[in-house]
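Report on the structure given below.
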Protein chains: 2
Amino acid sequence: MKRRNFIKNASLTALGVTVFGIMDSYSKSTGFFNNLKVNGKRIETRIFELAKFGLDEKGHGTRVAYTKADIEGRAWFIELMKKAGLDPTIDTAGNIIGKRKGKNNSLKPICFGSHIDMVPDGGNYDGTLGSIAALEVMEILNENNMITEHPLELIIFSNEEGGTIGSKSMVGDITTEGLKQKSQSGLSMGEGIKAIGGNPENIQTYIRKKRDIHAWLELHIEQGGILEKENIQIGVVEGIVGIVHWEVTIEGFANHAGATQMNMRQDALLAASKFIIAVNEVITSVKGTQVGTVGKIAVQPGAYNVIPGKVIMGLEIRDLSAEKIEMLFKQIENRAAAIAKESKTKINFARQANESKPALTDKKLQQTIKTTAKALGFTTKLMQSGAGHDTQHIGAIAPAAMIFIPSIGGISHSPKEFSKAVDMENGANVLLQTILSIDKTS
Amino acid sequence: MKRRNFIKNASLTALGVTVFGIMDSYSKSTGFFNNLKVNGKRIETRIFELAKFGLDEKGHGTRVAYTKADIEGRAWFIELMKKAGLDPTIDTAGNIIGKRKGKNNSLKPICFGSHIDMVPDGGNYDGTLGSIAALEVMEILNENNMITEHPLELIIFSNEEGGTIGSKSMVGDITTEGLKQKSQSGLSMGEGIKAIGGNPENIQTYIRKKRDIHAWLELHIEQGGILEKENIQIGVVEGIVGIVHWEVTIEGFANHAGATQMNMRQDALLAASKFIIAVNEVITSVKGTQVGTVGKIAVQPGAYNVIPGKVIMGLEIRDLSAEKIEMLFKQIENRAAAIAKESKTKINFARQANESKPALTDKKLQQTIKTTAKALGFTTKLMQSGAGHDTQHIGAIAPAAMIFIPSIGGISHSPKEFSKAVDMENGANVLLQTILSIDKTS
């Protein structure tokens, strides 16, 4: 299948070369970029080797940052980096950084990687794929004695799942106050960073300055079901969505569920039900990839025989456009006002402080990934990332981009998370060739 | 207002006498039953005196059965019963029983009363009114030196709010196993009964046999808003609704709320919202006074950023007809099947063991209450009790009935529970005259 594509897309490759002019030297010498290809088997083997750290007897994996499983997984990874000659070090925030010299070490480094920590009862691919594929790139270059122009850096960010702590630290977004916050390991962020060999007291000393990095690339599983559904091999991420949370409170009137006739009720849960459906209708009424979710709900007093007097819900809206989020919320507010009136309840919204702004990826890098993937014979789709990633923070100081591969069933943060070996291999090849392409840019 | 009604309804009274022939002696001697009227001021004063037991500094009352407040409230009540010469005793289940001799003590007693325990943060009228009005009846008879044919019994049932424990015990529906169950006081039912002077080891010894009691009457606040809304003074309870509970489980699929597009979700909470609305639609689609409530809901995993994978709800249906409950549930099941299909979820129902069957009150007693109330000049309405009461258990061994008075706003089990003094007085007068009427029956 892949070989057939290679042949079929030879003309596309030539087109890529002609139009973008960034792969000239490779295309002239090899007729097709270069002969480098990642070792898909090795990637797959290592995915399962890393999965052993934090695996319980029921086959569920929990490699939460700063825990024993995380520390052991990191040690395993560091050992591989050493074998690959990457001279790994740990920065103040606990990020693991492996370096490979380039021909011209005064050039800014090309950085790539991901994370290897995992949510509780999580999957084997989220973060792990991007980390192992990054190592694979380094090893393929080693095995082929290829030295890039730019120096290369493999970065494994610490505690991505607990709030992208490592990447935030690298761009100066973690305060001393933030280090006091409790992490999912039970330790504070500061204690956790210390446990994995970081230096929280000097967290500010490893901040990378703006334009310190030539480019940042992260390969990741999609965590959605679009690529699989549309049978597309490579997702080119145009941006990471902004996220806004509101706590929604509905006040009705708690009353005896037996003695209060249906037409005399102010049922906060019935109003909440109409609200949840309205959210779904508003979000799906507009073209686009926006998502809106009511993921949590609590009812008071919460008994079989009492009409719900109060409901508290969590509303989340995500989109690549901050304006669209506001527009959708406005519509939800209007629907809520109508529901409140009709159900004789009060509906209030409390916008939460933790919102994250949409982060667009670098347009040139998007284009390079797309051209590279097409040249490799893969179908591509420009898409958003609905999930947050370290890339959104690094994007603040460097051109940054992401490569997605299909997630089967769109399942993530679950033991059922799965990506096919062939898709992982494809993604790693796109990562490798994209790095080689941008190495030719200055 | 009341006096005007008295005059206006003189003919009705005569009709009552003629048709039912049960008030002959009274109507002949006084022209209107008898001259007895309760002391409304005393009832109101005692409502507020009893309310002090369990009252916190914020004005919220919590007189949960078996707690200090309950024990103190009972002591206050027992003292009043002693003063009224009722020689109060406590049965094995902790029920307080005060007796007043009749002219013919071989006749079966006419029993009446209610309960004085309270739900947490409850109201001052639920149970309390019926208890204080019953005592008022005894005192009015004392003050007027009137001896009834039948002996009279004032019964204050123990722990009504925690499962009508006292009345269930009296009819033999409490097992030794049931006494191990935890009560809201923190004590087991058995320990609680002991704390209020009962004898749980011999709980079976005070069971009243079938036809031991001439009649049972309970005056109570409506706890709904129908009487107030329709401006009716006296509710004649035709029965106490049956109650069935189902635990409803909806299984969808928990997934990343950012990465999973709207059309790829199996959102259990969105399906639950449609279900809750469907319950409301089914219940209100049929004529009648049936009620259906979803009063509790829990969602898993329950986070802003995770699509709900599982929802567990409590569904309750109440009606006077067991067949109607089944018919409505069948319709809800059908709606649920359609929702499950459309939302790609699974919906399951687990019928709970605690269901209570509808309990119709005694038709003759209903008629006597209605005639008595009308003769006193009050508007009446035949209605159901949506709430459970001790009367439903006593109804299994004796002719039993209930008299309702309006609850302002239909609010109950709340500090906002309120009934007007005039309505309480009306209700107590109906209780008094009904007792005197049925005293003439054998």
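The values are calculated or read from the model by the stated rules, or taken from the named source; none is laboratory data. Quick caveat, the model's predicted, so the values are computed rather than measured. Note: ideal-geometry Cβ built from the backbone for every residue, glycine included; neighbour counts use all protein chains shown. All accessible areas refer to the heavy atoms of the entire protein, side chains included, with ligands and DNA or RNA removed. Shrake-Rupley method; radii C 1.70, N 1.55, O 1.52, S 1.80 Å.
For the range B:360-375, filtered to residues that are in contact with a helix residue (DSSP H, G or I) (Cβ under 6 Å, 6 or more places away or on another chain) and open to solvent by less than 30 Å² (accessible area, probe 1.4 Å), the residue that is nearest to B:A271 (Cα to Cα) is B:I369.
Output the number of the condition that A:A272 fails; it satisfies all remaining conditions of (1) open to solvent by less than 10 Å² (accessible area, probe 1.4 Å); (2) over 30 Å from A:P301 (Cβ atoms); (3) more than 25 Å from the chain's Cα centre (by Cα). A:A272 satisfies all of (1) open to solvent by less than 10 Å² (accessible area, probe 1.4 Å); (2) over 30 Å from A:P301 (Cβ atoms); (3) more than 25 Å from the chain's Cα centre (by Cα) except (2).
Reported count of residues in the range A:275-298, each being more than 7 Å from chain B (Cβ to nearest Cβ) and either open to solvent by 10 Å² or more (accessible area, probe 1.4 Å) or part of a helix (DSSP H, G or I) (or both), is 10.
Taking A:Q392 as the residue in question, decide whether it is assigned to a helix (DSSP H, G or I), surrounded by 24 or more Cβ atoms within 10 Å (Cβ to Cβ), of a type outside the set (A, V, I, L, M, F, W, C) and in the same structural domain as A:E218 (by TED's automatic domain parsing). Yes, satisfied.
Assessment of the range A:411-434 against the conditions (out of contact with any strand residue (DSSP E or B) (no Cβ under 8 Å at 6 or more places or on another chain) and among the polar types (S, T, N, Q)) yields at least one matching residue.
Within the range B:103-121, the residues that satisfy the criterion of being without any contact (Cβ under 8 Å) to a residue 60 or more places away in the chain and either touching a Lys or Arg at 6+ places or on another chain (Cβ under 9 Å) or not polar (S, T, N, Q) (or both) are B:K103, B:D117. Please go through the range A:122-147 and pick out each residue that is in contact (Cβ under 8 Å) with a residue 24 or more places away in the chain and more than 27 Å from the chain's Cα centre (by Cα). Selection gives A:N142, A:N144, A:M146, A:I147. Count of the range A:59-89 residues, restricted to those that are assigned to a strand (DSSP E or B) and under 21 Å from A:H389 (Cβ atoms), is 1. Of the helices (runs of 4 or more DSSP H) lying entirely inside the range A:122-234, those carrying at least 1 residues that are out of contact with any strand residue (DSSP E or B) (no Cβ under 8 Å at 6 or more places or on another chain) and open to solvent by less than 50 Å² (accessible area, probe 1.4 Å) are A:128-143, A:165-170, A:189-195. Exactly one residue out of B:I408, B:I369, B:I403, B:I394 is touching a residue at least 60 places away in the same chain (Cβ under 8 Å) and farther than 22 Å from B:G224 by Cα, and it is B:I394. In the set B:R265, B:R318, only one residue is more than 7 Å from chain A (Cβ to nearest Cβ) and either touching a residue at least 12 places away in the same chain (Cβ under 8 Å) or among the aliphatic types (A, V, I, L, M) (or both); that residue is B:R265. If a residue has to be surrounded by fewer than 21 Cβ atoms within 10 Å (Cβ to Cβ), among the aliphatic types (A, V, I, L, M), part of a helix (DSSP H, G or I) and more than 29 Å from the chain's Cα centre (by Cα) to count, how many in the range B:300-359 make the cut? Of the residues in that region, 4 qualify. One residue alone among A:T249, A:T205, A:T260 is more than 8 Å from chain B (Cβ to nearest Cβ) and more than 27 Å from the chain's Cα centre (by Cα), and that residue is A:T249.
When the range B:222-239 is filtered for residues that are under 17 Å from A:G258 (Cβ atoms), of a type in the set (A, V, I, L, M) and more than 9 Å from chain A (Cβ to nearest Cβ), the ones remaining, listed by number, are B:L227, B:V237.
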